[in-house]
Amino acid sequence: MDSELAVLAASGATTLVSLMVTDSWTPARELIKRFLTRTDADPDTFDDLQDARTRLLAADATERERTAHEISQRYGDRLRRLAEAGNGSDEALPALLTSLLQLSASAADSRRTVDNRISGGVQHGPVVQSGSVTGLTFHVDRQ
């Protein structure tokens, strides 16, 4: 059972870290918060999780992989220890992992590439199709 918990904890931590850099972080954070509350975890664990996310987002491209691995290892160990300690967390961990994986799948679906093409007619300037555009400036040559 220990090896199964270790695999679940590692998978949960890896998924959690991948969600830290997506728009799905807010619901993922709430799932983790509920899990930590149910398992009587140290209250500082949740604050530390926020700090870890901030560190991950601030890391440059060369540091990001190392930082993500480090955070994943740390939270994998924490999740495993919480599950081994009991408090019903050994049953809650698979449910947490399932929920995190569902969030991860929906985050991946939302990152699809959109490729719009305009055919026919004449456009005398830029064409922008978007849900939201901010800070956009067009420089148009007047002939």
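The values are calculated or read from the model by the stated rules, or taken from the named source; none is laboratory data. Quantities reported herein were computed from a predicted structural model and do not represent experimental measurements. Please note: Cβ atoms are built from the backbone with ideal geometry, for glycine as well, and neighbour counts cover all protein chains shown.
Under the condition of being free of Cβ contacts under 8 Å to residues at least 12 places away in the same chain and among the hydrophobic types (A, V, I, L, M, F, W, C), the residues counted in the stretch 44-58 number 1.
For the subset of the stretch 86-132 comprising residues that are out of contact with any Leu (no Cβ under 7 Å at 6 or more places or on another chain), under 25 Å from A28 (Cβ atoms) and hydroxyl-bearing (S, T, Y), which member is modelled with the highest pLDDT? Only one residue fits best here, namely T98. The single residue among A13, A28 that is modelled with pLDDT of 80 or more and in contact with a Phe, Trp or Tyr (Cβ under 9 Å, 6 or more places away or on another chain) turns out to be A13. Of the residues screened, A68 is one that is small (G, A, S), crowded, with 17+ Cβ neighbours inside 10 Å and either over 21 Å from D2 (Cβ atoms) or modelled with pLDDT of 90 or more (or both).
Looking across the stretch 21-38, the residues that are surrounded by 14 or more Cβ atoms within 10 Å (Cβ to Cβ) and touching a residue at least 60 places away in the same chain (Cβ under 8 Å) come down to T22, S24, P27, A28, L31, I32, F35. Quick check on D60: is it within 19 Å of M20 (Cβ to Cβ) and either at pLDDT 75 or above or of a type in the set (V, I, T) (or both)? Taking the combined requirement at face value, the residue satisfies it.
Within the stretch 40-49, being exposed (fewer than 12 other Cβ atoms within 10 Å of the Cβ) and under 17 Å from the mean Cα position of the chain (by Cα) holds for one residue alone: D47.
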